Every structure is written in C-alpha cells, then in structure tokens.
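Here you go, one structure.
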Amino acid sequence: MPVLEEWLTAIGLGHHAGAFRGHDIDLADLAELTEDDLREIGLSMGERKRFLRALSPASQPTPLPSLPTAPHPMAERRHLTVLFSDIVGSSALAERLDAEDVLDAMHRYQRLVGDLVERFGGHVAKFLGDGVVAWFGYPTASESDAECALLAALEITRAIGGVPLPDGGRLRVRIGIATGPVVIGDLIGSGTATEHPIAGVTPNLAARLQNLAPPNGVVVSDDSWSLTASRFHFEDMGAHALQGFSQPVRVWRVRSERRRGDASDRVPLVPLVDRRTERALLRELWRQAREVTGAVLLVRGEPGIGKSRLIEEFLEGAGDTGHWTFRLQASQVNGSNPLCPVIAEIERFTGIDRLDPPATRLAKLDAFAFGEDAERAEVLRVMASLLSIRHEEESNQPPLSPRQLKELTLRTLVRQLCLAAEDRPVILLVEDMHWLDPTTVELLNRQIDTARGRRLFIIVTSREPFPEDWKGRPGVHALDLPKLAVEDCAAMVRSLTTDRPLDRRTQTRILERTDGIPLFVEELTRTLVEAKPTAPGTRPDAIPISLEASLMARLDRAGTAKELAQAGSVLGRSFDHDLLSRVSEFRAEDLDDALAVLIRADLIHGDGDLRYSFKHALVQDAAYASLLRDRRRALHARAAAALLDLTPEAGDLRPDLLAHHYEESAQVAPAIAYLLKAARRALDRSAMAEAENHLTRALALTAAPYKSGLKEREALDLRMEILVLLGPVRIFLRGPGSPDVERLYAEAYEMCRQLPETSRHFPISWGWWRLSRDFTVMGQRADALLERASERADDGMLLQAHHCQWASHFNRGDLARCRHHIDRGLAIYQAGDYREHASLYGNHDAKVCGHAERALVLWLAGDGAAAQREEGASLAWAAGLGHTGSRAHALDASLTHQFYRRDTGLVLARAADMIALAEEQNFPDHRAKGLLYAGWAIAMRGEPMRGLDQVRVALARQKAIGTPEDFPVFHCMLADVLAGAGKPEEALAELIAAREEFERIGLRIWAPEVERQIGEMTWLSGSADDGAVEAAFRRAQKEARRQGALALELRAVNSIATLWERRGRVDEAFDLLRRMLHRLPPTAANPDLETAREGARRLSARLRVGWPR
C-alpha cells in the first residue's frame, strides 16, 4: 500500500485517499495543507480536526493511533495480472548500433514501460536485459487490474515507436499477459530484497505468451480474456502447446479497446422483481403469527442474494413490539457439531459467559426457563446437560441412554419455544440451514409442526433447496429470492454513495457487472468509493467480474490491519477479543487500533461485548485464502493452544473445533485424537451423520503417514481404531452391502493381518464375517472367530463369536445350532455389561439380536406364543438402550416375524415405524426394507398394483446396498404380489432364478417356502402338470423337515393336501394332515394351523370318520 494511503487509513481517513491523489497531493505536501484546503478536498469538519491533530507536533491524542508499518510485506497468496514485455530483434539491434547507443535505448525503453505501467496502476517487478516484468494487483489489489494491464500494454505498443534510435529505426515489442494465482511478498524472510519475489506459474505463462505475439502485439491468457472481454476486441488464436505446460493453453490477441457505449460493451440484464413483495409477505406472516395463527417462511437464495439483509430489515421493522427473537446461526465449521447453534443462542439469550461459575450459569438458565416449577426443574436439568454444566440434581436422577437424552433434549427445546410463544409472540430465525448439523435440522423439523396455532413465526434461510415435505405442511410458505431489478440496484448504489457520489458512467458499470446480486453491488460500490485514481484526474472505469478481487482490494486498504483480519479468518466467521489477541501477532497496544480500522473499513462489526464477526462470509474467505500455508498452519496451531488455555474444558465441549485447528495446522496426531473424541461424542448422541464426518476426516489424515509425521505402525493402529468405529456407522448410513462398506472392511481385515492379534481388532473380523456373500464361507469364518475367541478366553469376543454363529447357522437353515449359540451368547451377555458393543459390531446390540433371532427360530419351530414373547423382549431391550441402530434392528426382525405370521396390519404398522426411523437417521438399507414390507402388505390388503410398484423399487434398492440373507423372504413377497396382480408366470421365473442363486451361495433359510411357492406359481400359471407341482411341494416338505421348521412343513403339507384333495386322493390328504397336526405343539397358533384343522375337518366329514371339532 502506498505510504500516503496507509497513513490516511491509520487515522481513519483512508476512504479519502483517492481525493488526495486526485489533487496531486503526496506525503511531503501534508504539512502545508490548511483547513480550507481540506474542505476543498472534501473532508468534513470532524475529519479536518482529526487530520490536523495527527500532524500536530504536540502529539495530541488521536481517535486512532497510527499502526506500525511492516518493513517488509508478509508473503501471501494473490491473484495477479502479470505483464511480460520484450524487445523484438534485440540481438540485431546490438549488432548494428554502438553499445552505448544500445544502452541508452534500453534505458529509454525501460523508463517508458515503467512510467506507463505505473500510470495504469501497475508495478515494475524487474528488468531482465531487454525484458520487463510487471504486475497489477499487488501490493494493493484493484477490481480493474486485468483491464489496466491491457491498457498499459496497448499504450506501450503505441508509444514504443517514439523511442529514437541513431540509425532512424524504431523499437518494437512483444507483450504477453496472464492472470492467475501467485505467492508474493518476502518469500525468503530475510527482508533484504529490493523487489517482491513472486512464485507461481502465472509469470512463466506471461513470458511464454509474449513469444506468440507479433511485433507490437499483445497476447493474453484465457483468464485475462474472461475478465476483460467486454472492454476489448480480441482475436481467438486457439490453443497452443507451451513449453513447461502439460496442457494446451488457449490464447487471445488484443486487437483494440472497445468504444464506450458499444452494445457489445454492456452485459444484458434480465428484468427482475424488487423486494416490496417479499417485505409485504414477511409483515403479513408476522401479523398472522401474532394473532395465534402461526407461520413458517422458508427463504432460499444463492450466496449474496440478500437473504440476511431482507430478514434484518424485517426485524428492524418489527421493532420492540413485546416479542421474543431467537436466532440460530449455522456455520460450516460447526456442521458436524450437534445443536451448536442452539447452545450458542441459549448462551447469548441468557447472558452466560464461559467465565461464569456453574452456580451462576445455572441461575441464568433458570431465569430463562419457561413453565411451572416442576417442569422448570426438568428443563434446567436438560439445559445444564446440553451446555455441559454440572448440576447437583443430575446425580440423583437415573442415567439416560444417549438416545433417550437426545429425545428428551429435543422434546424439551420444542416445548420451551412453545411456552415462550404463550408468554408473547416469538420470532425464530434459523440462518444458513445448508450448514446446519443434522440434529438441529431434526429439531427444526419438529418445531415447524408446532407453529400452527401458536404465536410463533419461524424464518429459515438457506442456499440449498428445502426438504420437499416441509413445503406442503400447513402454515409453511416458501420464498425463493430473485435477483434485484436494475432500478433497485441503482437505488442501492445511491444509498452507499451519499457522501461521495459516483459519476453516472461508473454507476452504470456497477449495474452491468453485478448482475442483480446485492452483495456484489454493495462490495463493488464500496471498493470504487474507496479506490484511488490511477492517474491525476482519472480513475479506472471497468468493474471486475470477480468478487474475489473486490474483497481483496478492501482487505488491502485496511493496511497492516489486514493481517489481523487474516488471523481472525482462521478463527471462523465470529471471534472474541481474548482469543484473537492470543492468535494474532499484534501487540496488545496495537490490537484495538487494528480492530477499529477493520470496523471502519466495514470488514467486521462488533457486538459491543468484545466479540466480532466478519460482515460477510466471503470477506472471511478472501482473508483466509490469502494466507500462505506455513503462516496459516501457525495461526491454527496458536488457535488450538489458545482455546485450551482460555477454556480448558474445550477438549470436552468442542473436540470438533480443536480437531479442525489441529488438522489445519498439520498436527495430525492431536487432530485425529480430537476427531475420534468428537466422533464418540456424536455416537453417544445417536448423531450418526456427524460421527461419519469426524471419522472420515480422521481416516484421511492417516492415509499418508510420511506426510503427517506419524510412524507407519502408529498410523496403522490409528487407522484400525477409526475403521472399527466407522464400519458400523457406514453399515447403517450406506447399507451393509454397499460398495463403501465392503471396501472398508476388506481394507481393515487386510490391515489386521499385518498387526499382532488383539481384541481391539475383533470388530473388524466380525465385519469381515458379516459381509461374506457366500454363506458356506460365512460359516467357516464364524467358526474361525469362535476358535480365536475361545483361545483368548475373552467373554466379549466369545459373545460376538456366538453372535456370528447363530446368524450363520440361521442363514444355513440349521435352527437347532442357531438356538444353541443364542442361548450361549445371551448367557454371556447377562453375566456382564456389553451395551457398548452396539457401536462396534454391526451397529446393533447382541441381546436385541439374540431375542429377535430366537423369535424367528421359535416361530419356524412351531411355537408361535414363545416367538411373540421373544419379539417383545427384543423391542423392549432396544427401546431401553436408546441406541438407534439396535432399535432399527429390532424393528427389522419384528417385520420379518410378522411377515412369517402374515399379519398385514402389524407389518404395515412396523414398516411405518421403520421408515420413519430410517428417514430420521438417514438409514437407506432400513428404509428400503420398510418400503418393501409395506408394499407387500398394501398388495395383500387389496391394492396389488400399488404394492407391486413399491416392492419392485425397494427390492432393487436392497440388491444395490443390502446383503442377501433376507432375499428369500423378499422374493417370496414379490411372488405373492405378482400372483395377486395376475402375473404368476413372472413370479415363477423370479423364484426359479432366485433359488438357483440361493443354492449357489449356500443360503438355505426360508428355502422350504421358496420351493412351496414355486409349486403354487407353477399351478397358477398352468405351466406344468400336477406332478411338477407336487414335486415342488414335496421338496419344500423335505427341506422344512431337515431344518426342523415345523411351521414351514405345515404350509407345505397344506399345499400337498389341497392338491391331493383336488385330485380325489381324499384318504391320503386326510392322513397327511392328521399326522402333521399331531406333531405340532399346542402353542402353535397361526393361520396355517387353522387352515390345516379346517382341511382335516372337511376331509373327515367326507370320509365319515371322527375328528375333533
């Protein structure tokens, strides 16, 4: 930054720098300026007094002391436009002229280029013999850097012929221009260089491009062209292969500058509506809400479209009308931190400070709580837990499971807002939902349903579309913000330039370039107002397309305070004074002055309580992007250390934030440790999506130990620890048969083979067993796991080994062994506490699974009453655990059991529960299963075509992400529905193909029913004689008897008896039914038993033999 401009900025007058330059005033002239001079320049009375005090020898205190000037600019990332100029034929020139004449010509050439570059706002970096390197955009960026570079280049080509040569010849040049990212500043760190070193591909590209230019020609890169296409005429030279560049580069030759006013010089604008309609809608919905109607408004729009500005204007208009306003501000950093915006708003609303003692925090919470005394006590307990405040009554209460705590917390928060709305009207503003954590989204989803009939107005903003089911709810209104119309943009420009109006031409350029995006209008207008002219009496009249350049220009004009903005950008959108003072390199006496500069520059704003926020997220992004890697890492490292120093409990309260800072500071080990801590914290709250985010990031950090400083063995151990947690999470979020899950366990199992045997690796081996697609191999793996567990005599491993065994035997149709291992496993479970296994092994609890599987075995064995009791035990234990995956597993097994029983009513009810849970937690596997079961029940209850469509879609999804153990049941469902839809031939083909696949992979469970249905579909389709039908029924009977599945044998016997009765073989049919009924236990009550009994009674009447009625 020029010294004059930096001095003016330091005393709060940086916005007048352009006026000083416009009057040809330099730093040396300041002492001679009078008050009349300052008035003519445009300074107000207060500004004139401030200026004169700053120059006073008495050193009167000034509102803003001058900040220390860095002797050497800190290196940073920038987007620059680089110009490379070279003389044509310099060797021939040296041959025909005297050396002193050549030297004189070179000096004249260099002065000419240097003067023109400086005139257009550029900087000559270096002279390389007959070459000149210059750049535009550093040390102070301008929105017109690329345009100015092209103007300077054209002026050089026009003026170069005026450099006299002794022989009457004329100099000619070739110029190349490129725009792109560079690293620039004091790159070496010695502070001794006389020029700013520059690194990056952009200077090299400019040098290569000048070789393509004709004499006195200017050639530019594609990026330079895109920034200036509306200001110049170009010739497309196509793509060229350039030395040192792997891909061809598109090249453009500058022909001439466009004339102002050309149609091609203007960007066409689409007519757009203004904001009057939107403001009226907000006012009307607020009126309805105040009248106990309630309302919800979903405001969507692209970044910078003006969502926040519209809402702020509404809130200002709402004034102090005796209402509550609650604001939940989401952020990208906190997207995986459950309920973080809620916690922040509670702390803000109650005035809780991190330095408050627990008793004070509780007192502030108590003052905030709504409801009667008894309810307030419960609210206080929940809120204290949410804010991690120790509460005396907490120890007197029975501990809650994570799921129960989450449910209670959400229910309490919803209830509290409803009670607040009974006290007075409430506005709930949720900003940037696209960054909202899933748990807060769930809370919002519930709260929306409560708005109707209450004095509650919920406003939600987002860049992304809202869930479709939200829009159809009563009282919910959707608003998509369009771009601003030209007249509204013009009014916005005028409001921003009341003190220093812009000329009409410049205003027109702003309107053309900002394309109706309010943020672009605001930022570009402010930049132009604050910009200095490139030469006396002139100013650049082109506005850049890129907002990044505008934001960087505003940061540059903050002087050395920009470095404080960069430090703040590391901390996030908002930051407090104490943390910033620890992280930044500013001395304590300079920090407040720098903050004042940033506030006056409109880059940040304060809340009056030593907490600051960037005015726009894009300002923060621009500051952060300019940091070099080493400095960025150092700032993140300081941030982590400061957080732990200022808030020792941050490691427990915000492990995700600490992980972020350690990750960005390249401190891999602590980053992984805090990511694991954050993941476990999320799992404790059943926040599966957040847990996956943390674990995935941690996994990525272990991928290249040679880059992270981890030893190879250490990286392997950490990777294994992460995969143990991530596997079960992915099973439920992606489905057990999804490619992601299969790859994860394949990698993890291979890693296990490289490491010494340990019980910590057993969950990986369990997952390796779970994903086998061959059930003979699955059984072998289960045997291997049981052998390993037995050798180690580890009860936890034995429990999970029996878990594998009972599932493996069940899938192979060995019901007796399945039941044996269930008994063994549940006995181990009862003797210890293995509830934490649910997050490690398949994301479901072994006891939930044992009772559920036992229910299926008992039903198959013919004991329906006992099966019902076991199902109830599974569901009850799952509900008590509060573990989402276990609850889903219990519902899954219950659905299968009720399908066995063909109870369509219960199947529909359980399927609805399953779908709701799966959609709430984003479990695609369980959602597909719920839809499949529901489709079957719908078809069986009289809507075959609707049910068929649903079954087909859900089964296809299951085949993509599920594992095949349930597919025999699913294919029998499909056959039922196809038969009901009049398509037995298709059902038969599906069953035969499925049977072949099941036989290939060794899957035998439900095989008797597959065979029986093949017989039924054969008979319905008429595709074979009764002999083939009977053969299928006989195969079903034989397989059922082998498995000990009396219930399925009964179905096969019923089918055979019906076939024989139809053939006239009444005696044989009656004898078959009689013998089967005598084998069934008295508790085997089910519809198939009633069918058999009714058949026996009917046949006995025809035979005139006795039979119990």
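The values are calculated or read from the model by the stated rules, or taken from the named source; none is laboratory data. Here the structure is a predicted model, which means the values were calculated and not measured. No Cβ is skipped: glycine too gets one built from the backbone with ideal geometry, and neighbour counts run over all protein chains shown.
Would you please name the residue that is modelled with the lowest pLDDT, looking only at residues in region 527-576 that are closer than 30 Å to A637 by Cβ and of a type in the set (S, T, N, Q)?
Checked region 527-576; the qualifying residue modelled with the lowest pLDDT is T560.
In region 881-936, what count of residues is obtained for those that are hydroxyl-bearing (S, T, Y) and farther than 23 Å from G850 by Cα?
Narrowing region 881-936 to residues hydroxyl-bearing (S, T, Y): 884, 886, 894, 896, 900, 904, 933.
Right, trim to farther than 23 Å from G850 by Cα and you get 904.
Residues in region 881-936 being hydroxyl-bearing (S, T, Y) and farther than 23 Å from G850 by Cα: 1 in total.
Same structure again: So P482 ticks every box in (1) touching a Gly at 6+ places or on another chain (Cβ under 9 Å); (2) in a helix (DSSP H, G or I) but one. Which box is left unticked?
So P482 meets the others, but not (2).
Is it fair to say L931 is out of contact with any strand residue (DSSP E or B) (no Cβ under 9 Å at 6 or more places or on another chain), of a type in the set (A, V, I, L, M, F, W, C) and at pLDDT 95 or above?
yes
OK, next. Hey, any hits in region 902-917 for a residue that's touching a residue at least 40 places away in the same chain (Cβ under 8 Å) and in a helix (DSSP H, G or I)?
No.
Could you please find all residues in region 577-598 being buried (at least 16 other Cβ atoms within 10 Å of the Cβ) and in contact with a strand residue (DSSP E or B) (Cβ under 9 Å, 6 or more places away or on another chain)?
Within region 577-598, L580, V583, L595, L598 meet the criteria.
A further question follows. Any chance you could count how many residues in region 809-849 are in a helix (DSSP H, G or I) and out of contact with any Phe, Trp or Tyr (no Cβ under 7 Å at 6 or more places or on another chain)?
Within region 809-849, the first condition is being in a helix (DSSP H, G or I), and the residues that meet it are 809-811, 815-831, 835-839, 846-849.
The next check asks that each one be out of contact with any Phe, Trp or Tyr (no Cβ under 7 Å at 6 or more places or on another chain); those that pass are 809-810, 815-817, 819-820, 823-824, 826-831, 835-839, 849.
Result for region 809-849: 21.
Now a separate question. Please count how many residues of region 741-769 are within 15 Å of E692 (Cα to Cα) and either exposed (fewer than 14 other Cβ atoms within 10 Å of the Cβ) or touching a strand residue (DSSP E or B) at 6+ places or on another chain (Cβ under 8 Å) (or both).
The total comes to 0.
Let me ask something additional. Quick check, is D602 assigned to a loop (DSSP other than H, G, I, E, B) and either in contact with a strand residue (DSSP E or B) (Cβ under 9 Å, 6 or more places away or on another chain) or in the same structural domain as V529 (by TED's automatic domain parsing) (or both)?
Values: assigned to a loop (DSSP other than H, G, I, E, B): yes; either in contact with a strand residue (DSSP E or B) (Cβ under 9 Å, 6 or more places away or on another chain) or in the same structural domain as V529 (by TED's automatic domain parsing) (or both): no.
Against the criterion (assigned to a loop (DSSP other than H, G, I, E, B) and either in contact with a strand residue (DSSP E or B) (Cβ under 9 Å, 6 or more places away or on another chain) or in the same structural domain as V529 (by TED's automatic domain parsing) (or both)), D602 does not qualify.
For the list (1) small (G, A, S); (2) surrounded by 24 or more Cβ atoms within 10 Å (Cβ to Cβ); (3) more than 42 Å from the chain's Cα centre (by Cα), I need the number of the one condition that A937 fails.
(3)
Continuing with the same structure: For G608, indicate whether it is on the phi > 0 side of the Ramachandran plot, out of contact with any helix residue (DSSP H, G or I) (no Cβ under 6 Å at 6 or more places or on another chain) and either modelled with pLDDT of 80 or more or surrounded by 20 or more Cβ atoms within 10 Å (Cβ to Cβ) (or both).
Answer is no for this residue.
Determine if region 748-756 includes at least one residue that is of a type in the set (D, E) and not in a helix (DSSP H, G or I).
no
Please work out if R1075 is touching an Asp or Glu at 6+ places or on another chain (Cβ under 9 Å) and surrounded by fewer than 16 Cβ atoms within 10 Å (Cβ to Cβ).
So R1075 fails the test.
For region 232-256, which residues satisfy the criterion of being assigned to a loop (DSSP other than H, G, I, E, B) and surrounded by fewer than 18 Cβ atoms within 10 Å (Cβ to Cβ)?
To start, the set of residues in region 232-256 that are assigned to a loop (DSSP other than H, G, I, E, B) comprises 241-248.
A241, Q243, G244, F245, S246, Q247, P248 - these are the residues of region 232-256 that are assigned to a loop (DSSP other than H, G, I, E, B) and surrounded by fewer than 18 Cβ atoms within 10 Å (Cβ to Cβ).
May I pose another question? Any residue in region 69-84 that is out of contact with any Ser or Thr (no Cβ under 7 Å at 6 or more places or on another chain), within 30 Å of D167 (Cβ to Cβ) and at pLDDT 80 or above?
yes
Is there a residue being touching a Phe, Trp or Tyr at 6+ places or on another chain (Cβ under 8 Å), of a type in the set (S, T, N, Q) and farther than 20 Å from A852 by Cβ anywhere in region 764-786?
Yes: one or more hits.
Among the helices (runs of 4 or more DSSP H) confined wholly to region 335-388, which include 1 or more residues that are crowded, with 16+ Cβ neighbours inside 10 Å and among the small types (G, A, S)?
In region 335-388, 340-350, 373-386 are the helices (runs of 4 or more DSSP H) which contain 1 or more residues that are crowded, with 16+ Cβ neighbours inside 10 Å and among the small types (G, A, S).
Can P474 be described as of a type outside the set (D, E, K, R), without any contact (Cβ under 8 Å) to a residue 40 or more places away in the chain, assigned to a loop (DSSP other than H, G, I, E, B) and more than 30 Å from L683 (Cα to Cα)? Even if it seems obvious, please write down each step before you answer.
Values: of a type outside the set (D, E, K, R): yes; without any contact (Cβ under 8 Å) to a residue 40 or more places away in the chain: yes; assigned to a loop (DSSP other than H, G, I, E, B): yes; more than 30 Å from L683 (Cα to Cα): yes.
Yes; evaluated as a whole, the condition is true for this residue.
Residue by residue through region 672-706, note down the ones that are under 19 Å from the mean Cα position of the chain (by Cα), more than 17 Å from K406 (Cβ to Cβ) and small (G, A, S).
A698, A700, listed by residue number.
Before we move on, is E985 buried (at least 20 other Cβ atoms within 10 Å of the Cβ) and of a type in the set (D, E, K, R)?
Spelling it out, it is not the case that E985 is buried (at least 20 other Cβ atoms within 10 Å of the Cβ) and of a type in the set (D, E, K, R).
While we're here: Quick check: anything in region 848-863 over 21 Å from P968 (Cα atoms), touching a residue at least 60 places away in the same chain (Cβ under 8 Å) and in contact with a helix residue (DSSP H, G or I) (Cβ under 9 Å, 6 or more places away or on another chain)?
yes
What tally of residues in region 685-701 results from selecting those that are touching a Lys or Arg at 6+ places or on another chain (Cβ under 9 Å), farther than 12 Å from I722 by Cα and of a type outside the set (S, T, Y)?
Total satisfying the criteria: 3.
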